[in-house]
Amino acid sequence: MQQTSSVARLVDHLELGLFGANSTGTSMSKVPGRWHPTWENNRDLVLAAEAAGLDFHIPLARWKGHGGESDPLGVTFDPIVWTASLLAITRRIKLFTTVHTPFTHPLVAAKHLATMDQIGEGRVGLNIVSGWHREEADMFGIPQREHDERYEYTKEWLDVLLKLWTQNRPFNHEGRFFNLRGVIADPKPRGGKVTLMSAGASRAGRSFAIGRCDLLFSILTSLEACRDEVAKVKEDGRGMDRRVDVYTGAFIVCRPTRKEAEAYHEHVSREMADEPAIDNAMRQLGVNCHSFTPEFYAAFRGRFASGYGHYPIVGDPSDVADQLRRVRDTGVRGLALSFIDFAGELPYFRDEVLPRLVEMGVRRAG
């Protein structure tokens, strides 16, 4: 108990946001009422999230879905355009964008991000993805690098990006992956850079995120493992004289009673699971990502159906609030939330769960 209380004091406000609403969300289920993105419902959702006091949104970047009957992520709005458009009509909420480094030249990304940061007055963040989806690489006609080499490429990619944001005169860059002449970029981000985030569970992925980014996005497998992960990230960051915080993701099912919530979660993740789509996702991730073992994916199959592997938080409002408190007590700084139907479920979460979190001291009021 003493350890938990000590860790909890490190996070006096659990940042909450949304994840993946620019796509079909994180569900791999055929359940009726699943979120389908349109510009109109994305606009209304992000405005509603801002009005509710949520802190951020992280969009996905996908070019190909996972097939099956539901084709998860098959419909995905471009995150650059999506983020820029929503920064223009919001005032407080932080909006990340997601960039796959193999598919986007750092000169282009630097210009995109600086422009968005001007639009959003410092509210944009960058989720950096080094590229794991071999079939998407094939779509671009780009050879898929070996796992660790992808992060070496991304390190140099980010070096170029950051130099573009700090240099006021043209410069040359000669490296392993880029050979550039007379490089310059204006405007710059308002604060010199934007918030940088990267997901990583492999040694190379964690090393990149801790050494180069502000936030590490980690898969929450269990509360105990998460507490250990946060402590290790903090320790490794201090060893590099850096502060790195941890974000993770959760799939929310909140209903008036625990029985209703558990029954619906079972319906989504078992009875209506899109098995071919899950098979495809597990194959693609298991073969091309070194972050987790095939045994991990098999054990977490139900999580793929409901929330793409994200941690399930299921119950009545008091249950959900208490589980969110437990996540906060691991030391996690931010939690990205997904729902089967974002627009239909966010109002109940706003009205019934958020006030409880303020009362519990998990989040600040306002």
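Which one of L158, L113, L107 is among the aliphatic types (A, V, I, L, M) and surrounded by fewer than 20 Cβ atoms within 10 Å (Cβ to Cβ)?
On the way: L158 fails: surrounded by fewer than 20 Cβ atoms within 10 Å (Cβ to Cβ); L113 fails: surrounded by fewer than 20 Cβ atoms within 10 Å (Cβ to Cβ).
It is L107.
Report, by residue number, each residue of the stretch 211-245 that is under 29 Å from Y264 (Cβ atoms) and surrounded by 13 or more Cβ atoms within 10 Å (Cβ to Cβ). Working first, answer last.
Going residue by residue through the stretch 211-245, those that are under 29 Å from Y264 (Cβ atoms) are 217-227.
Selection gives F217, S218, I219, L220, T221, L223, A225, C226, R227.
What is the residue count in the stretch 219-263 for residues that are polar (S, T, N, Q) and modelled with pLDDT of 95 or more? Quick ask: steps written out before the conclusion?
If we filter the stretch 219-263 for residues that are polar (S, T, N, Q), which is where we start, we get 221-222, 248, 257.
Of the ones still in play, those that are also modelled with pLDDT of 95 or more are 248, 257.
Qualifying residue count, the stretch 219-263: 2.
Please go through (1) in contact with a Pro (Cβ under 9 Å, 6 or more places away or on another chain); (2) buried (at least 23 other Cβ atoms within 10 Å of the Cβ) for P256 and return the number of the only condition it doesn't satisfy.
(2)
Residue-wise test of (1) hydrophobic (A, V, I, L, M, F, W, C); (2) under 22 Å from W82 (Cα atoms); (3) touching a strand residue (DSSP E or B) at 6+ places or on another chain (Cβ under 6 Å).
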position: Q118; (1), (2), (3): no, yes, no
position: G122; (1), (2), (3): no, yes, no
position: R134; (1), (2), (3): no, no, no
position: F140; (1), (2), (3): yes, yes, no
position: P143; (1), (2), (3): no, no, no
position: F178; (1), (2), (3): yes, no, no
position: M197; (1), (2), (3): yes, yes, yes
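Within the stretch 334-366, take every residue that is of a type in the set (V, I, T) and surrounded by 17 or more Cβ atoms within 10 Å (Cβ to Cβ) and give me the one that is farthest from A49 (Cα to Cα).
V362
Go through (1) modelled with pLDDT under 95; (2) under 22 Å from I219 (Cβ atoms) for G366 and report which single condition fails.
It fails just one condition, (2).
May I ask you to say which residue of F177, F208, F171 is surrounded by 14 or more Cβ atoms within 10 Å (Cβ to Cβ), more than 26 Å from Q118 (Cβ to Cβ) and in contact with a Lys or Arg (Cβ under 8 Å, 6 or more places away or on another chain)? First the steps, then the outcome.
On the way: F177 fails: in contact with a Lys or Arg (Cβ under 8 Å, 6 or more places away or on another chain); F171 fails: more than 26 Å from Q118 (Cβ to Cβ).
When all the criteria are applied, what remains is F208.
Kindly evaluate D138 against the criterion of being modelled with pLDDT under 95 and among the acidic types (D, E).
Values: modelled with pLDDT under 95: yes; among the acidic types (D, E): yes.
Considered against the rule, which asks whether it is modelled with pLDDT under 95 and among the acidic types (D, E), D138 comes out as yes.
Tell me whether the stretch 3-24 contains one or more residues that are more than 16 Å from the chain's Cα centre (by Cα), free of Cβ contacts under 8 Å to residues at least 60 places away in the same chain, buried (at least 16 other Cβ atoms within 10 Å of the Cβ) and outside any loop (DSSP other than H, G, I, E, B).
No, the conditions are met nowhere in the stretch 3-24.
How many residues are buried (at least 16 other Cβ atoms within 10 Å of the Cβ) and modelled with pLDDT of 90 or more when one looks only at the stretch 25-40?
Qualifying residue count for the region: 8.
Can you tell me how many residues within the stretch 168-201 are more than 22 Å from the chain's Cα centre (by Cα) and either among the β-branched types (V, I, T) or at negative phi (or both)? Walk me through how you get there before you give the answer.
Of the stretch 168-201, the ones more than 22 Å from the chain's Cα centre (by Cα) are 168-188, 190-192.
Narrowing the set further to residues that are either among the β-branched types (V, I, T) or at negative phi (or both) leaves 168-181, 183-188, 190-191.
So the answer is 22.
Answer with yes or no whether V320 is touching a Cys at 6+ places or on another chain (Cβ under 6 Å) and β-branched (V, I, T).
Numbers: touching a Cys at 6+ places or on another chain (Cβ under 6 Å): yes; β-branched (V, I, T): yes.
The answer is yes for V320.
In the stretch 92-135, how many are more than 18 Å from the chain's Cα centre (by Cα), at pLDDT 95 or above, over 17 Å from L161 (Cα atoms) and not in a loop (DSSP other than H, G, I, E, B)?
Looking only at that region, the number is 2.
Condition first: farther than 24 Å from G122 by Cβ, small (G, A, S) and either touching a residue at least 40 places away in the same chain (Cβ under 8 Å) or part of a strand (DSSP E or B) (or both). Can you find one or more residues in the stretch 233-248 that meet it?
No, because not a single residue in the stretch 233-248 is farther than 24 Å from G122 by Cβ, small (G, A, S) and either touching a residue at least 40 places away in the same chain (Cβ under 8 Å) or part of a strand (DSSP E or B) (or both).
State whether the residues of the stretch 56-64 include one that is touching a residue at least 60 places away in the same chain (Cβ under 8 Å), in a strand (DSSP E or B), small (G, A, S) and closer than 16 Å to L18 by Cα.
no
If the Cβ limit is 8 Å and pairs must be 6+ apart or interchain, which residue in the stretch 209-223 that is in contact (Cβ under 8 Å) with a residue 40 or more places away in the chain and over 15 Å from G237 (Cα atoms) pairs with which residue that is part of a loop (DSSP other than H, G, I, E, B) and of a type in the set (S, T, Y)?
So the pair list comes out as I219/S291; L223/T330.
Give the stretch 46-90 a look and list any residue that's in contact with an Asp or Glu (Cβ under 7 Å, 6 or more places away or on another chain) and more than 17 Å from F339 (Cα to Cα), or say none.
W63, K64, G65, G68, E69, T90
All but one of (1) in contact with a Cys (Cβ under 7 Å, 6 or more places away or on another chain); (2) under 21 Å from D228 (Cβ atoms) hold for V327; which doesn't?
Looking at each condition in turn, V327 falls short on (1).
The values are calculated or read from the model by the stated rules, or taken from the named source; none is laboratory data. These numbers come from a predicted model, not from an experiment. Using ideal geometry, Cβ is built from the backbone for each residue, glycine included, and neighbour counts are taken over all protein chains shown.
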